[in-house]
1. Could you tell me whether any residue of the stretch 7-14 is surrounded by 15 or more Cβ atoms within 10 Å (Cβ to Cβ), aromatic (Phe, Trp, Tyr) and assigned to a helix (DSSP H, G or I)?
2. Filter the stretch 44-69 down to the residues that are in contact (Cβ under 8 Å) with a residue 40 or more places away in the chain and of a type in the set (D, E, K, R) and list them by number.
3. Listed residues Glu76, Glu56, Glu85; which is within 18 Å of Thr2 (Cα to Cα) and touching a helix residue (DSSP H, G or I) at 6+ places or on another chain (Cβ under 6 Å)?
4. Pull up the stretch 22-40, narrow it to residues that are loosely packed, with under 10 Cβ neighbours inside 10 Å and not small (Gly, Ala, Ser), then point me to the one that is nearest to Val93 (Cα to Cα).
5. May I ask you to list the residues in the stretch 15-41 that are part of a loop (DSSP other than H, G, I, E, B) and hydrophobic (A, V, I, L, M, F, W, C)?
6. Those residues that are among the small types (Gly, Ala, Ser) and loosely packed, with under 15 Cβ neighbours inside 10 Å, I need them from the stretch 42-80; list them, please.
7. Being under 20 Å from Thr95 (Cβ atoms), assigned to a loop (DSSP other than H, G, I, E, B), modelled with pLDDT of 95 or more and not β-branched (Val, Ile, Thr), is that true of even one residue in the stretch 42-56?
8. Mind checking which residues of the stretch 70-98 are of a type in the set (A, V, I, L, M, F, W, C) and either assigned to a helix (DSSP H, G or I) or in contact (Cβ under 8 Å) with a residue 12 or more places away in the chain (or both)?
Amino acid sequence: MTHLTRLASWVEANRDVLEQNGQVSFSYGPAGTDNPSAHLLVALSDDADAELLLWESGDAEFNHGSFAASEFEHVELQNPDELVELLRRFLDVVTGGS
């Protein structure tokens, strides 16, 4: 299983809770690239969101917070457990830690 298929499975398994907290958008990057990607965005309000851009290589960009004071983090995932932890943190942001 690849990082992108793990992400897609996680989105489907958590779609209800994600949608309870915001507007969800999930898409794949352009086909045919050497390093495919996927994009997950949860618009939490008019001025805040949680966003994850993940490449198959394990590089990821995690952005969250208000548009005026967004937090940005670059992550280089080495194994599936690190993706699980990143997705746990993403869900914490979306749900407000509840």
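The values are calculated or read from the model by the stated rules, or taken from the named source; none is laboratory data. The structure displayed is predicted, hence computed values, not measured ones. Methodologically, a virtual Cβ is constructed for each residue, glycine included, from the backbone with ideal geometry; neighbour enumeration extends over all protein chains shown.
1. Our first condition is that a residue be surrounded by 15 or more Cβ atoms within 10 Å (Cβ to Cβ); within the stretch 7-14, this holds for 7-8, 10-11, 14.
So of that shortlist, the ones also aromatic (Phe, Trp, Tyr) come out as 10.
From what's left, assigned to a helix (DSSP H, G or I): 10.
The answer is yes; a qualifying residue exists.
2. Glu56
3. Working: Glu76 fails: touching a helix residue (DSSP H, G or I) at 6+ places or on another chain (Cβ under 6 Å); Glu85 fails: touching a helix residue (DSSP H, G or I) at 6+ places or on another chain (Cβ under 6 Å).
When all the criteria are applied, what remains is Glu56.
4. In the first step, residues of the stretch 22-40 are kept if they are loosely packed, with under 10 Cβ neighbours inside 10 Å; the result is 27, 30-32, 34.
Checking the rest, the ones that are also not small (Gly, Ala, Ser) come to 30, 34.
Numbers: Pro30: 27, Asp34: 31 Å.
Per the stated criteria, the residue is Pro30.
5. Ala31
6. First, pick out the residues of the stretch 42-80 that are among the small types (Gly, Ala, Ser): 43, 45, 48, 50, 57-58, 60, 65-66, 68-70.
Result: Ser45, Ser57, Ser66, Ala68, Ala69, Ser70.
7. No: zero hits.
8. Result: Val75, Leu77, Leu83, Val84, Leu86, Leu87, Phe90, Leu91, Val93, Val94.
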